[in-house]
Amino acid sequence: MAIALNRIQFKLFVRLAACLAVALVLGLAATRNGELVPARAAIALVVVAALANLLSRAFARMMVEPLEDVAEVARRIGRGDAEARLLFHLHDERDTVVGAVNRMVDSMQAELEQTRRNVQQLEAVMAEMIEGVLVLDSNDRIVLVNTSFRELFDVWGEVQGRPVVEVIRLPAVSELLSQARDGSEPVFEDLDIRGHVTRTVWGRAARFPRAGARAGTLAVFHDVTEIRRVDRVRRDFIANASHELRTPLTSIQGYAESLASGPMTPAEVEAHVAVIQRNVHRMRDLIDDLMDLSRIESGGGAPDPSRVDVVKLAQTLVSDARTRLAHAKIEARVRTPVAPTAWVDRKALEQVLENLLTNAIRYSDEGANITIDVEPRGEVLEISVADTGIGIPEEALDRIFERFYRVDASRSRAIGSTGLGLSIVRHLVQAMGGTIRVESRVGQGSRFTFTVPRDRDDSETTSATPPLS
């Protein structure tokens, strides 16, 4: 700005000096007697030069001040001052320029504000997305990642501007991005991400064009571990259910055809009918368990909590099983230091205890003992069903509550197990707001322990419960 001022001032000075010098010379030339006075002319020239200098400075300042104001407003806007505007001084042509500049600044400010709002909205959307988003420039450097991406790939700290291969050291991700970069169509793929926990991630990557630049890459990732697990369980369930139903049906069909093939002795007919009846009961039990499991998993049948005397309920179930216990030569008892009550759905708790007791009887040999313990633990009751039966291998403990999972498939089928009892138990306990776990050692027995909400009005009156066998 100072250089512009000096140039304007110099040009004005030269022009003003020339004009004044000519005027002075012409004036002096018209003196009396037509004579020029050199001394007076020299003084006049000095005065002319001084006046020209002062006038040039004044005119230059008048012309440059509006430009300096524009420059100052531009600097203030660059520093983020949204209120910076030019002021109107005189009602002349300069006010027209000032008005145009102010209108331009207002327009720029409105566009900047709209851009700021758009950026804030985009950041809010990105932050709330459950999908991880990764944006790369044409040199495979990270432009943007959202929170879900950081959580999914355990990426923290400043990553903008860094090469993606330095941040994500996963061959599967690198291959996906490479295929998207080299191809013309979006790439879809399931990725197995191995870390502390192995997860399945669905990834989609594609190039996106940018005006005046090479294409970058946009990738979206979604954790589908649970979706794939549920799908796998569904397929296994259908396969297992079909197999479990086909087995008794095949047996029924075979014995029915044998009965229809020709004359048989009464004893043979009785034996064939017994096999058919046994398989019919097996199919009925399986269908009942499938319906129960489906109802529980779908949330059907709202729970109806009430005050339940757990000890009395357990004693009733043990008493009802007395015939089976006597036949298997197994002793069962209920013990508790107090007489606690629970606040649960009575039918659900009854089915849980019945399934666990039945399971303990089925997988215990002669002379085994079954114990049902009930103990208050703060706001919950801890109930355990322990046996001294055959036990469960350690490697099978994590799968013991899966549908149709059997540790000893041949023994389970021989004793009529559907493979759904413990799965039903887990779902019912969770529906009641409790948890369940299992401890076991092969040859020493198993202990299933679960919790249920305790009745708040429970008086915890001590009772001595005699063993039942």
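The values are calculated or read from the model by the stated rules, or taken from the named source; none is laboratory data. These numbers come from a predicted model, not from an experiment. Cβ placement follows ideal geometry from the backbone for every residue including glycine, while neighbour counts extend to all protein chains displayed.
Descriptive notes on the structure:
- Subset of segment 439-463 [of a type outside the set (Asp, Glu), surrounded by fewer than 20 Cβ atoms within 10 Å (Cβ to Cβ) and either modelled with pLDDT under 85 or under 14 Å from Leu357 (Cα atoms) (or both)]: Arg447, Thr449, Arg456, Ser459, Thr461, Thr462, Ser463
- Once segment 179-227 is narrowed to residues that are small (Gly, Ala, Ser) and closer than 30 Å to Glu402 by Cα, the residue that is modelled with the lowest pLDDT is Gly195.
- A count restricted to segment 223-280 and to residues that are acidic (Asp, Glu) and surrounded by 14 or more Cβ atoms within 10 Å (Cβ to Cβ) stands at 3.
- Here Asp288 clears all of (1) in a strand (DSSP E or B); (2) modelled with pLDDT under 85; (3) not basic (Lys, Arg) except the condition numbered (1).
- Contacts under 6 angstrom Cβ, first residue in segment 319-333 being over 14 Å from Tyr363 (Cα atoms) and buried (at least 16 other Cβ atoms within 10 Å of the Cβ), partner among the small types (Gly, Ala, Ser) and at pLDDT 90 or above, 6 or more apart: none
- Meets criteria (assigned to a loop (DSSP other than H, G, I, E, B), over 22 Å from Ala127 (Cβ atoms) and modelled with pLDDT under 85) for Val230: no
- Entirely in segment 119-221, the strands (runs of 3 or more DSSP E) that have 2 or more residues that are free of Cβ contacts under 8 Å to residues at least 60 places away in the same chain: 142-145, 187-193, 199-210
Yes/no matrix, rows are residues, columns are (1) in the same structural domain as Val429 (by TED's automatic domain parsing); (2) within 45 Å of the chain's Cα centre (by Cα); (3) without any contact (Cβ under 8 Å) to a residue 60 or more places away in the chain:
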| residue | (1), (2), (3) |
| --- | --- |
| Tyr255 | no, no, yes |
| Ala260 | no, no, yes |
| Ile287 | no, yes, yes |
| Leu293 | no, yes, no |
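- Checking Asp304, Asp345 one by one, the residue that is surrounded by fewer than 15 Cβ atoms within 10 Å (Cβ to Cβ) and touching a residue at least 12 places away in the same chain (Cβ under 8 Å) is Asp304 and no other.
- Filter result for Arg278 (under 16 Å from Gly419 (Cβ atoms) and of a type in the set (D, E, K, R)): no
- The conditions of being surrounded by 19 or more Cβ atoms within 10 Å (Cβ to Cβ) and more than 23 Å from Leu428 (Cα to Cα) are not met by Ala314.
- Some residue of segment 410-417 being in the same structural domain as Asp345 (by TED's automatic domain parsing), touching a helix residue (DSSP H, G or I) at 6+ places or on another chain (Cβ under 6 Å) and modelled with pLDDT of 90 or more: no
- Val173 being under 30 Å from Arg228 (Cβ atoms), aliphatic (A, V, I, L, M) and at pLDDT 85 or above: yes
- Looking across segment 348-362, the residues that are surrounded by fewer than 22 Cβ atoms within 10 Å (Cβ to Cβ) and β-branched (Val, Ile, Thr) come down to Thr358, Ile361.
- Test: residue in segment 385-405 that is at pLDDT below 85 and acidic (Asp, Glu): yes
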